[in-house]
Amino acid sequence: MNAKNVDALSAYFLEDLENNQETHTLSIVVDNEPGVLARVIGLFSGRGYNIDALSVSETEQRHHLSRITIITTGTPQIIEQIRHQLDRLVPVHKVTDLTVEARRKGHEKPLERELALVKVRGQGENRLEALRLAEAFKATVIDATTEHFVFELTGRTNKVTQFIEIMRPLGLIEVARTGVVALCRGSASMRDEMAADI
């Protein structure tokens, strides 16, 4: 065994790979038909890739297309491998690494938003504090009784997470989150890119 192979198997090499992890947002345009999401998810689980966030919805009813937004973490090589493997799936029309596109245009991240519904106990001093903090975060009260509030909050993932953590000591009961949806900045669309590829 040569020295190069020994280095590749060493713990130091593995530690370098761990430190080289990046989080990327992938946008995938697929046919809106049964089983497509299962095939995409199966690709991730079958190869041991993790999904940090997932959202999917039909975006073009006339053309029966859906957009899947996935946030995943890995080395740049693994992210590229995921992208290529997704590209090969039959119901997939277009895969775009929105993180790479944003960096190419001089931005740190693509436009990303997440919606959360946050249920909090609302009694006494904590009631006033929860309302005050919700106003600061621009969260909307969508349900309220003398016992609780349900807040609706939209924003970047870190803003949503921060709001949830702030509500925890005030009586956090339950949270539902949509997962991230994202778009590239600028006037171009994935539909334009798909037409150019044909």
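The values are calculated or read from the model by the stated rules, or taken from the named source; none is laboratory data. What you see is a predicted model, and the numbers here were worked out from it, not measured in a lab. Note: ideal-geometry Cβ built from the backbone for every residue, glycine included; neighbour counts use all protein chains shown.
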Residues within segment 160-171 that are crowded, with 17+ Cβ neighbours inside 10 Å and either part of a strand (DSSP E or B) or not hydrophobic (A, V, I, L, M, F, W, C) (or both), tallied: 1
Qualifying residue in segment 190-198 (condition: under 21 Å from the mean Cα position of the chain (by Cα) and modelled with pLDDT under 95): yes
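Condition check ((1) within 20 Å of the chain's Cα centre (by Cα); (2) farther than 20 Å from E22 by Cα) across all residues:
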site	(1), (2)
V95	yes, no
A102	yes, no
E108	yes, no
L133	no, yes
E147	no, yes
T178	yes, yes
R185	yes, yes
Qualifying position, being among the aliphatic types (A, V, I, L, M), assigned to a helix (DSSP H, G or I) and modelled with pLDDT of 95 or more, among L128, L153, L133: L133
Check on K94, within 30 Å of Q162 (Cα to Cα), among the charged types (D, E, K, R) and in contact (Cβ under 8 Å) with a residue 60 or more places away in the chain: no
Residue within segment 172-195 that is under 22 Å from V40 (Cβ atoms) and in a loop (DSSP other than H, G, I, E, B) present: yes
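Residue by residue through segment 136-150, note down the ones that are hydroxyl-bearing (S, T, Y), farther than 30 Å from C184 by Cα and at pLDDT 95 or above. I'd like the intermediate steps shown before the answer.
Filtering segment 136-150 down to residues hydroxyl-bearing (S, T, Y) leaves 140, 145-146.
Among the residues that remain, those that are also farther than 30 Å from C184 by Cα are: 145-146.
Correct list: empty.
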